[in-house]
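The values are calculated or read from the model by the stated rules, or taken from the named source; none is laboratory data. This one's a predicted model, so the numbers in the text were calculated from it and none came from an experiment. For neighbour counting, all protein chains shown are included, and Cβ atoms are generated from backbone atoms with ideal geometry for every residue, glycine included. Quick note on the areas: whole protein, heavy atoms, side chains included, nothing else; ligands and nucleic acids left out. Shrake-Rupley method; radii C 1.70, N 1.55, O 1.52, S 1.80 Å.
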Amino acid sequence: MPPTNMNPNHNQSRATETRSSTANGDHHHHPNGHSITAQPLPRHHTYYPRSSSSSASFKGCCCCLFLLFSFLALLVLAIVLIIVLAVKPKKPQFDLQQVAVQYMGISTPTPSSFDGTATTVATTPTTASLSLTIRMLFTAVNPNKVGIKYGESRFTVMYRGIPLGKASVPGFYQEAHSTRNVEATIAVDRANLMQADAADLIRDASIYDRVQLRVLGDVGAKIRVLDFDSPGVQVSVDCAIVISPRKQSLTYKQCGFEGLN
């Protein structure tokens, strides 16, 4: 009987070599003649998320928000249109009712000169000054079912296309189906007129006792519905007034026409 190797250290070293060879993928031969092939250990792959997926989700959120805001805007617009159609807004009326002449005066340089024979020779004035104070009473009529918000209004008094003075009226709110009186005072302090205009003013006042003036103004108004203001509309005031310098009173008034001669 052959001797048996009972050295444990020898067996342990062979087992260690076998495991090392198997980890390296080497081929070993079994003592019985069979070949043993070592299988490689499985590798673990690390997964990295793609940036394209996050970008696509961000774009999707933006599209959703855009569609949401568009829907809300269309909804608000539809509600406003329904309210406007139900209210049927009308243009307010702003008319000049009364004109009170508080003062009107015309001054000129020396209206005459003397020649060598002591005969008075009338000369045509080259300048004239007009002083005027008038109080105007306007009537604002709101025919709508809702209130109207007026902005600041400005009025100008003119003589033959020449601005003489201005007046302003602060803005105010007017209730539905109501009428409101608004006052404005125009004060003109020695407005100078030259040559032909001065001659016309002197002739109108001294010969005809009538000075024709024109009152122009633009009134801005907005219709208010549920604390929302509609786009502004313009109400124009265009009136002709005739004042008697001798009587210091109004003799004629007409509004709502185009142009003056």
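Let's see how each residue does on (1) among the basic types (Lys, Arg); (2) within 30 Å of Glu175 (Cβ to Cβ); (3) at pLDDT 85 or above; (4) touching a strand residue (DSSP E or B) at 6+ places or on another chain (Cβ under 9 Å):
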residue	(1), (2), (3), (4)
Val80	no, yes, no, yes
Val84	no, yes, no, yes
Val87	no, yes, no, yes
Val101	no, no, yes, yes
Met104	no, no, yes, yes
Ala118	no, no, no, no
Thr123	no, no, no, yes
Leu130	no, no, yes, yes
Lys149	yes, yes, yes, yes
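So which of Arg224, Arg180 is of a type in the set (Lys, Arg) and under 23 Å from Ala100 (Cβ atoms)?
So the residue among Arg224, Arg180 that is of a type in the set (Lys, Arg) and under 23 Å from Ala100 (Cβ atoms) is Arg180.
Can you tell me which residues in the range 227-243 are under 16 Å from Gln98 (Cα atoms) and in contact (Cβ under 8 Å) with a residue 40 or more places away in the chain?
Listed by number, the residues that qualify are Val237, Cys239, Ile241, Ile243.
Take Lys145 and tell me if it is open to solvent by 30 Å² or more (accessible area, probe 1.4 Å), under 28 Å from Gln93 (Cβ atoms), assigned to a strand (DSSP E or B) and not small (Gly, Ala, Ser).
The answer is no for Lys145.
Is there any pair with a first residue in the range 142-166 that is on the phi > 0 side of the Ramachandran plot and a second that is of a type in the set (Asp, Glu) whose Cβ atoms are under 6 Å apart and which are 6 or more apart or on different chains, and what are they?
Partner pairs satisfying both residue conditions: Arg160/Asp197.
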